[in-house]
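Computed from the coordinates by the stated procedures, all read-outs in this text should not be read as laboratory data. Keep in mind that what you see is a predicted model, and the values were worked out from it rather than measured. So basically every Cβ, Gly included, is an ideal-geometry build from the backbone, and we count neighbours across all protein chains shown.
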Amino acid sequence: MTASTLSDIYSAVTTAIGSLKGPLHGGANEAVIHMLQEIGTPDKVDAWVHGKLAKKEKIMGMGHAVYKVLDPRAPHLKAMAVALTSELGETKWVEMSERIAEIVKKEKNLNANVDFYSATVYYSLGIPTDLFTRFSPSPAPRVGPAISSSSSRTTRFSAPAASMSAFLSARRSFRSSNASSCGGQ
């Protein structure tokens, strides 16, 4: 936006970084994982969400300034979140997310956006929360090979499914070896 005003490059870069850092933009996925951690378990979701809605507080990762109907990136990240949490046996994050999305859609007619599901994906991959924004999906150039879908469109992912499985296996091995070397903690 700043560059379109013909301002200097320094101002444009500074504004871009500042807006990406904000909790309503690039920082939203960090707020989403903190929200899920605060809720804790799927059985607490309904009360938590209804409490927030009653107080007219924001529920992070819901709605989008541009995508009024559905953020087209969200279903892809949701599918990745489901696959990752199933593979890791940590499905509570997706269970809570799906219930939150269902309630907010019914009560406020807002859909989950890309930050909502990217939080679970990044957390499941072991990416530190304070680095989530650096990994946010964007229209930036594709990293890694693309996966072709049945409609012959190309979907952007950072790695094919086989690599994801290999990554998860390595992550499990790393976690167990660290637990062993740290006295099982």
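Close amide H pairs (under 5 Å, H built 1.01 Å from N) link ALA112 with GLY63, residues at least 5 positions away or on another chain. Seen from every direction in turn and averaged, the convex hull around the alpha carbons of segment 26-130 projects onto 6.2 nm². Ranked by the mean number of other Cβ atoms within 10 Å of their residues, highest first, the peptides 114-120, 100-106, 44-50 come out as 114-120, 100-106, 44-50. Counting only residues at least eight positions apart within a chain, or on another chain, the aspartates and glutamates with an alpha carbon under 18 Å from that of LYS106 are ASP46, GLU57, ASP71, GLU95, GLU98. Straight-line reach only, C-alpha to C-alpha below 14 angstrom: list the aspartates and glutamates that LYS56 could link to, leaving out same-chain residues fewer than 8 apart. Of all the aspartates and glutamates, those that pass the test against LYS56 - Cα under 14 Å, at least 8 places apart if same chain - are GLU107. As a rough guide to protection, the peptides 52-60, 32-40 ranked by mean Cβ packing within 10 Å, highest first, stand as 32-40, 52-60.
On full extension, the segment bounded by ALA54 and ALA3 gains 14.4 nm, given 0.36 nm per residue less the C-alpha separation.
Could you give the length gained on full extension between LEU88 and HIS34, defined as 0.36 nm per residue of separation minus the Cα-Cα distance, in nm? Net length gain for the segment: 17.5 nm.
Label-to-label distance for ALA79 and THR15 is 3.6 nm, based on points extended 7 Å past Cα in the beta-carbon direction.
Near LYS56, once Lys and Arg are set to +1 and Asp and Glu to -1 for all other residues with Cβ below 14 Å from its Cβ, the sum equals +2. Placing pseudo-labels 7 Å out from each Cα toward the beta carbon at THR41 and LYS106 gives an inter-label distance of 2.1 nm.
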